[in-house]
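Just so it is clear, none of the values below were taken in a lab; they were calculated from the coordinates. A quick note: this is a predicted structure, and the numbers were derived from the prediction, not measured. Glycine gets a Cβ as well: all are built from the backbone with ideal geometry, and neighbour counts include every protein chain shown.
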Amino acid sequence: MEFEVTHITAYRYPQPAAEAYGEARLTPRDLPSQTVVSHKLVIDPDVPVSSYDDHFGNRVDFFSVPFRHRHLAISNQMIVRTHPVQRPQEALDLSIQEARQILGSALTDIFDYLQPTPVVETGREAVAWARKYLRGDRPLGAALHDLNEAIHREFVYESGSTENSTPLATVWKQRRGVCQDFAHIGLSILRTAGLPARYVCGYIETTPPEGTPRRLIGAVATHAWIEVLVPGMVWVAFDPTNRQWIDERYVAVSFGRDFRDATPLRGTFKGSGGQAMRVRVTMKRRNGKSKA
């Protein structure tokens, strides 16, 4: 499939901002599941951008607006060709204990993805779920499937029920949240079980053509899901928000230990007033007729 993706983040200031600074992790990379046909990042007002690759391999574009302005817009535009996702069945048929032993030989490469973070904390709940769903004698693939199903079943998706600052303990207690929270819950359990896992931020199809599978939850904004590293050093991805393995309707953009590492856009501004932010995401097929 080939998709055209547009992601616009627009800020308006009641009083002119004196200056603003930002960094964007909005550049997708070529992966076995996707090929980037074209990509363009447009900033208005037009200012210079400097780029570097961070510790997790994300392209980071840094910009500053060093003059007074009433608006700031960041437009991320791309065309991406997605491919059928081939899962490594031989690795997924191994027991979790066998997978841990094999991956242990690459500990220096996977260390970051085994550790708790201030956002992805481990604790009593994660231990209980790891013991229930990720026992060492279980086949890895079946265990991941059951964990994905359980998070989807036990947690309610409710837009606005949490904020970026909401502790994971609160999500565990209230059993509701958004895709970011579901990814963090899964990461906490997986790392507790000794399985390296990372946070993925990207896009999912917003307007599927008639006669195709249902619209995915979280399609009107950036979306978050989970990748687990399995023997053979292959990342396997699943989406607890939508209770499925990742397929051709997903485009991955940034990666990290949690949302802080993979946040698409962050920054600050100087000014005497507040700001209003508007975000719009569309991801449409280029090779099929979509519904309006």
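Data overview
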| quantity | calculated |
| --- | --- |
| Per-bin percent of Cα-Cα distances, the stretch 123-220 [5 Å] | 2, 12, 21, 22, 18, 13, 8, 3, 1 |
| Label-reachable residues, the stretch 262-276, where backbone N falls under 15 Å from a point 7 Å from residue 29's Cα toward its Cβ | 262-263 |
| Amide H contacts of residue 248 (H built 1.01 Å from N, under 5 Å, at least 5 apart or other chain) | 85 |
| Cβ-based exposure ranking for 258, 30, 44, in which fewest neighbours within 10 Å come first | 30, 44, 258 |
| Relative frequency of Cα-Cα separations exceeding 24 Å in the chain, percent | 53 percent |
| Zero-based 10 Å bins, Cα pair distances in the stretch 192-267, whole percents | 18, 48, 26, 7, 0 |
| With at most 13 neighbouring Cβ atoms within 10 Å, loop GluC sites (Glu not before Pro) (DSSP) excluded, longest segment of the chain | 1-157 |
| Spread of Cα-to-Cα distances over 10 Å intervals beginning at zero, given as percent, for the stretch 21-68 | 22, 48, 24, 5, 0 |
| D (Stokes-Einstein, µm²/s), Kirkwood Cα radius, the stretch 75-146, 0.890 mPa s at 25 °C | 164 µm²/s |
| With Cα atoms, 0 to 90° folded angle of helix 140-154 axis to the chain main axis | 60 degrees |
| Stokes-Einstein diffusion coefficient of the stretch 9-94, Kirkwood radius over Cα pairs, 4 °C, 1.567 mPa s, in µm²/s | 84 µm²/s |
| Computed lengthening from residue 38 to residue 107, 0.36 nm per intervening residue step minus Cα-Cα distance | 21.3 nm |
| Whole-Hz couplings from phi, Karplus 6.51/-1.76/1.60, listed for the stretch 249-257; x for Gly and Pro | 8, 10, 10, 7, 10, 9, 9, x, 6 |
| Linear extension gain, residue 260 paired with residue 51, 0.36 nm per residue minus alpha-carbon span | 73.4 nm |
| Folded to 0 to 90 degrees: helix 124-133 orientation relative to the chain principal axis, Cα | 60 degrees |
| Local electrostatic count at residue 98 - Lys and Arg +1, Asp and Glu -1, tallied over other residues with Cβ under 15 Å | 0 |
| Those aspartates and glutamates that a straight Cα-Cα span of less than 14 Å connects to residue 270, excepting residues fewer than 8 apart in one chain | 19 |
| Residue 98 paired with residue 234, simple spin-label distance in nm, labels 7 Å along Cα-to-beta-carbon | 1.4 nm |
| Helix-only [θ]222 nm of the chain, DSSP H runs n ≥ 4, -39500 (n - 2.57) each, per residue, nearest 500 | -6000 deg cm²/dmol |
| Diffusion constant of the stretch 89-262 at 4 °C, which comes from Stokes-Einstein with the Kirkwood Cα-pair radius and 1.567 mPa s, µm²/s | 80 µm²/s |
